[in-house]
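Chemist: The structure is given below, and queries will be raised subsequently.
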2 protein chains.
Amino acid sequence: MSNSSPATIEDVARIAEVSIATVSRAIHTPEKVAKSTRLKVNQAIAVTGYTTNAMARSLRLGRSNMILVVAPDIGDPNFSNILVGLENEARAHGYGVLIGHTQNDAQRGLEYLKFLNSSQAAGLILFTGILPFGHQAMTARLPPSVGVFEPVFNGGIPYVGVDDIEGARKAVDLLIAEGHRKIAFVGDSRTRLAYNRRRMGYHAGLDAAGIPPGGRIVMEGDGTIESGRLALEQLFVRDDLPTAFMCVNDQTALGVMIGLKARGYEIPRDFSVTGFDDVPQASFMTPSLTTVRQPRTAIGKRAMALLLEMLSDATPAETEILLRPDLVVRNSVAAPARQRATR
Amino acid sequence: MSNSSPATIEDVARIAEVSIATVSRAIHTPEKVAKSTRLKVNQAIAVTGYTTNAMARSLRLGRSNMILVVAPDIGDPNFSNILVGLENEARAHGYGVLIGHTQNDAQRGLEYLKFLNSSQAAGLILFTGILPFGHQAMTARLPPSVGVFEPVFNGGIPYVGVDDIEGARKAVDLLIAEGHRKIAFVGDSRTRLAYNRRRMGYHAGLDAAGIPPGGRIVMEGDGTIESGRLALEQLFVRDDLPTAFMCVNDQTALGVMIGLKARGYEIPRDFSVTGFDDVPQASFMTPSLTTVRQPRTAIGKRAMALLLEMLSDATPAETEILLRPDLVVRNSVAAPARQRATR
DNA sequence: CCGCACGATGTAAACCTTTACATTCGGCTC
DNA sequence: GAGCCGAATGTAAAGGTTTACATCGTGCGG
């Protein structure tokens with residue numbers, strides 16, 4: 001019954017006593033084959049346990065029904081929920097999802113490009129702001145692609161993200177409403193566009209509140225826990241400290257909170273902190289983190305929907321889709337203390 | 001130069017003025033082609049930007065050079081480091097890695113099985129204790145496979161994990177050495193073998209210290225934060241509380257700590273807590289968590305090495321590989337308080 | 001100088017599909 | 001009853017490789 005090698009369409013044809021063409025038609029365009037024949041074929045399929053060889057099919061068709069998702073860091077807490085959105089949407093349209101992990105390694109990116117070149121995937125979802133593949137020439141024949149979070153540098157690739165400016169604005173507005181006037185922004189970055197946008201939201205909020213540019217504190221950072229802690233250390237050599245830290249993401253906020261606690265301060269009594277992303281851990285930090293939620297599942301769903309649309313039309317309807325982020329108020333923000341405890 | 005469709009071996013052959021067979025040989029068995037010819041071919045390859053169509057190749061060969069990694073939950077903090085180990089080892093041997101995400105959904109597992117059946121992957125790494133695919137018949141023609149963390153139920157599949165018993169033993173021994181006598185184990189589970197083993201280590205440690213079975217407290221749990229919190233709540237209706245919580249994993253420990261803090265207790269002054277896994281967040285919890293480290297990268301490396309060995313020999317040398325876990329001492333354990341603060 | 005062996009290369013089949021085109025056959029129109 | 005049409009099915013090519021086998025030519029031994 002179950003041979004060592006899987007059943008082919010020919011095995012099915014032999015058992016059903018029809019030609020292989022008929023079997024293929026019975027599977028893909030059942031309305032073109034007589035009902036009685038269809039029945040015979042289906043029985044033969046059941047008997048043999050036949051599943052079509054996707055590789056041969058894709059080779060013939062020149063396209064597959066797999067979507068490749070390339071991410072630099074699978075461990076990113078932002079990743080998994082997006083992935084769920086991507087997968088569900090893909091499945092609903094008969095596509096499967098495979099994940100490629102580049103670890104920010106160009107060589108590895110190139111491997112996935114080969115994979116794509118072999119038309120083993122019909123489309124590409126990119127989690128990285130830059131094309132992971134160096135070769136410009138090869139880039140030319142990329143399949144339909146969609147970026148997530150950030151626009152893909154240098155390719156005419158549409159993307160789905162969140163309105164970072166609006167999200168940051170919501171965070172800073174909350175801090176201002178609580179009475180903060182001296183607010184530091186932690187995590188400025190030249191390379192990551194999303195971070196840049198969040199900084200823009202920060203400035204916009206302060207402008208709207210009439211807080212002069214002079215007193216603003218912007219610290220660099222790459223979004224890691226360590227960068228948050230480091231930024232904090234540098235701030236503490238200043239003479240005038242902020243009363244609140246608006247962090248570019250939750251990891252940075254965690255770093256800041258760890259540093260603050262290490263110095264013996266209590267949050268939010270002594271300092272307020274906000275994050276961005278609402279990663280799963282945010283609600284389990286102490287204190288739980290007030291942050292801006294990315295609608296991750298929705299982003300994934302939208303990105304995949306866009307890609308599938310491109311796969312059928314080849315005309316990307318939109319080139320940029322920004323979803324609305326929401327503020328999640330927890331316990332890391334309070335009104336500023338009257339007087340600051342000195343170090 | 002860069003046509004819309006990728007260059008084929010025929011294009012290369014035409015430019016190099018040789019046959020396609022020679023091109024193929026120049027690539028895969030260079031020693032069989034004259035040096036001068038090899039040169040011409042290489043130049044032609046460079047000109048055309050040719051990369052072999054992996055799909056056609058695999059179709060012909062009946063095997064691919066991709067390894068499929070199937071995990072129920074990509075978001076599991078244990079996953080990403082393992083993956084790095086897997087990937088690095090695979091790359092070193094010319095294999096690529098693709099990740100399949102089942103979300104514990106049998107249907108999805110079946111899709112990946114089809115993928116395997118089309119010999120789109122040469123081997124399989126399974127992160128789940130049960131075969132994700134229902135059909136027994138299909139299971140018969142699984143490619144060489146290796147499990148990670150837990151033995152795969154019901155298949156003769158070798159696996160690589162950690163010595164859970166020894167790891168748990170190290171944790172409980174530490175607690176005993178600190179003077180604890182009343183130690184609760186949180187996270188017993190019938191379905192997860194690894195958890196069972198950790199409970200066995202717990203008992204072994206108490207036995208060795210001569211602590212009678214009567215006083216042991218074993219709470220059920222599925223390893224989630226919520227299950228830890230829940231177990232704690234149930235414990236607090238008892239009259240004699242433990243002085244330490246030995247948790248089946250770090251998530252559970254986090255849940256316990258959150259619950260303890262919510263009740264106004266301080267860790268480790270009032271209660272000690274240990275975890276298992278040493279997930280990245282463990283060092284950032286407050287207090288930082290004393291836990292048992294899984295050598296994740298090593299596990300991944302070992303699992304892939306075993307799989308590659310099977311791919312060449314087809315005889316799995318070992319059927320079970322257990323690595324040694326280490327205790328990581330941080331700040332969540334201290335000697336038990338003389339007298340417990342009442343609620 | 002003939003024959004042989006061997007190294008280098010070419011030819012063609014095979015892997016498993018899909019699908020354009022060809023064929024067959026029954027039923028309908030006139 | 002002849003011709004035609006359309007439905008159902010079959011035949012065969014194509015997609016890009018790899019490789020067994022065939023071919024070619026060169027160098028060497030006798």
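Chemist: Counting only helical runs of four or more DSSP H residues, what would the 222 nm mean residue ellipticity of chain B come to if each run contributes -39,500 (n - 2.57) and the total is spread over all its residues?
Modeler: Value at 222 nm, helices only: -12500 deg cm²/dmol.
Chemist: Continuing with this model, one more query. Taking amide H positions as placed in the peptide plane 1.01 Å from N, state which residues far from B:ASP326 in sequence (5 or more) or on other chains have amide H under 5 Å from it.
Modeler: B:ARG293
Chemist: With just the Cα atoms defining each centre, how far is segment B:14-48 from segment B:197-222? Give it in Å.
Modeler: Spelled out, the Cα-based centre of one part sits 67 Å from the other.
Chemist: In addition: When only Cα pairs under 8 Å and 6 or more residues apart are kept, what is the percent relative contact order across segment A:9-52?
Modeler: Once normalised by length, the contact order is 44 percent.
Chemist: While we're looking at this one, here's another question. To the nearest 10 degrees, how steep is helix A:296-313 against the longest Cα principal axis of chain A, on a 0 to 90 scale?
Modeler: 40 degrees
Chemist: With both bridge residues required to lie in the protein assembly as shown, what share of the DSSP beta bridges run antiparallel, to the nearest 5%?
Modeler: 10 percent
Chemist: For B:TYR159, what residues show an amide H to amide H distance below 5 Å, using hydrogens built from the backbone and excluding near sequence neighbours?
Modeler: B:GLY147, B:GLU320, B:ILE321
Chemist: Also, quick follow-up: Among DSSP beta bridges whose residues both lie in chain B, state the antiparallel percentage, nearest 5.
Modeler: If I count the DSSP bridges inside chain B, around 10 percent turn out antiparallel.
Chemist: Another one. In terms of the Cα gyration tensor, with a ≥ b ≥ c the square roots of its eigenvalues, is the protein assembly as shown rounded because a/c is under 1.5, prolate because a/b exceeds b/c, or oblate?
Modeler: Because a/c hits 1.5 or more and a/b fails to exceed b/c, the protein assembly as shown counts as oblate.
Chemist: Let me ask something else about it. What residue among A:ASN42, A:ASN117, A:ASN249 has the largest mean-square fluctuation in a Gaussian network model of chain A, using Cα springs under 10 Å?
Modeler: Comparing A:ASN42, A:ASN117, A:ASN249 in a Gaussian network model of chain A, the most mobile one is A:ASN42.
Chemist: Quick check: the angle from helix A:193-208's long axis to the longest principal axis of chain A, C-alpha only, nearest 10 degrees?
Modeler: 40 degrees
Chemist: Further question: State, to one decimal in nm and shortest first, how far the label point of A:ILE20 sits from each corresponding label point in the other identical copies (label point: 7 angstrom along Cα-to-Cβ).
Modeler: 1.7
Chemist: In what sequence do B:HIS28, A:HIS93, B:HIS101, B:HIS203 fall when counting other Cβ within 10 Å, fewest first?
Modeler: B:HIS28, A:HIS93, B:HIS203, B:HIS101
Chemist: Taking θ = phi - 60°, what integer Hz values does the Karplus form 6.51 cos²θ - 1.76 cosθ + 1.60 yield along segment B:164-178, in sequence order, with x for Gly and Pro?
Modeler: With the stated coefficients, segment B:164-178 comes to 4, 4, 4, x, 4, 4, 4, 5, 5, 4, 4, 4, 5, 5, 6 Hz.
Chemist: Using a Gaussian network model of chain B whose springs link C-alpha atoms within less than 10 Å, name the residue from B:GLN234, B:GLN120, B:GLN43 with the highest mean-square fluctuation.
Modeler: Its mean-square fluctuation being the largest, the pick is B:GLN43.
Chemist: Follow-up. Full-extension gain between B:THR191 and B:GLU178, please, as 0.36 nm times their residue separation minus the C-alpha to C-alpha distance.
Modeler: Contour length minus Cα-Cα distance gives 1.5 nm.
Chemist: Continuing with this model, one more query. Between A:ASP313 and A:ALA337, what is the FRET efficiency for a Förster distance of 60 Å, r being their Cβ-Cβ separation, to the nearest 0.05?
Modeler: In this case the efficiency is close to 0.55.
Chemist: If r is the Cβ-Cβ distance from A:GLU220 to B:LYS114 and R0 is 45 Å, what FRET efficiency results, to the nearest 0.05?
Modeler: Using R0 = 45 Å, I get an efficiency of 0.40.
Chemist: GNM, chain A, Cα, under 10 Å: largest mean-square fluctuation among A:LEU311, A:LEU175, A:LEU126?
Modeler: A:LEU311
Chemist: Label-to-label distances across copies for A:ARG238, with labels 7 Å out along Cα→Cβ, in nm, shortest first?
Modeler: Result for A:ARG238, in nm, nearest copy first: 5.1.
Chemist: Using a basic spin-label model with each label point 7 Å from the Cα along Cα→Cβ, how many nm lie between B:ALA106 and A:SER19?
Modeler: 4.0 nm
Chemist: Using the 7 Å Cα-to-Cβ label point, sort the distances from A:LEU39 to its equivalents in the other copies shortest first and give them in nm to one decimal.
Modeler: Shortest to longest, the spacings are 7.0 nm.
Chemist: Between rounded, prolate and oblate, where does segment B:164-293 land on the alpha carbon gyration tensor, with a ≥ b ≥ c its root eigenvalues, rounded for a/c under 1.5, else prolate if a/b exceeds b/c?
Modeler: Rounded shape, in that the Cα axes give a/c under 1.5.
Chemist: Using the alpha-carbon atoms, what tilt in degrees (0 to 90, nearest 10) does helix A:250-262 show relative to the longest principal axis of chain A?
Modeler: 40 degrees
Chemist: What FRET efficiency do you get for B:SER36 and A:ARG141 if R0 is 30 Å and r is their Cβ-Cβ distance, rounded to the nearest 0.05?
Modeler: 0.45
Chemist: Quickly work out the A:ASP163-to-A:GLU10 label distance, labels modelled 7 Å from Cα along the C-beta direction, and quote it in nm with one decimal.
Modeler: The modelled label-to-label distance comes out at 6.0 nm.
Chemist: Right, here's the next one. At most 10 other Cβ atoms within 10 Å and a DSSP loop assignment: could you name the trypsin sites (Lys or Arg not before Pro) in segment B:232-275 that fit?
Modeler: Those satisfying the criteria are B:ARG238.
Chemist: Enumerate the amide H contacts of A:VAL69 below 5 Å, restricted to partners 5 or more residues apart or on another chain; note that Pro and chain-start residues carry no placed amide H.
Modeler: Under 5 Å from the amide H of A:VAL69: A:LEU98, A:ILE99, A:GLY100, A:ILE125.
Chemist: First obtain the Kirkwood hydrodynamic radius of segment A:9-52 from its Cα pairs, then insert it into the Stokes-Einstein equation at 25 °C and 0.890 mPa s, and state the resulting D in µm² per second as a whole number.
Modeler: 251 µm²/s
Chemist: Further, regarding this structure: Looking at segment B:162-276, what % of its DSSP beta bridges pair antiparallel, to the nearest 5?
Modeler: Percent antiparallel among DSSP bridges in segment B:162-276 is about 0.
Chemist: Using only the Cα atoms of segment B:226-286, build the gyration tensor, take square roots of its eigenvalues as a ≥ b ≥ c, and label the shape rounded, prolate or oblate: rounded if a/c is under 1.5, else prolate if a/b is larger than b/c, else oblate.
Modeler: prolate
Chemist: Could you tell me how far the Cα centroid of segment B:233-263 sits from the Cα centroid of segment B:267-310, in Å?
Modeler: So the two Cα centres are separated by 19 Å.
Bear in mind that the values in this text are calculations on the coordinates, not laboratory data. Please read all numbers here as calculations on a predicted model, not as lab measurements. When we count neighbours, we look across all protein chains shown, and the Cβ atoms used for this are built from the backbone with ideal geometry, even at glycine.
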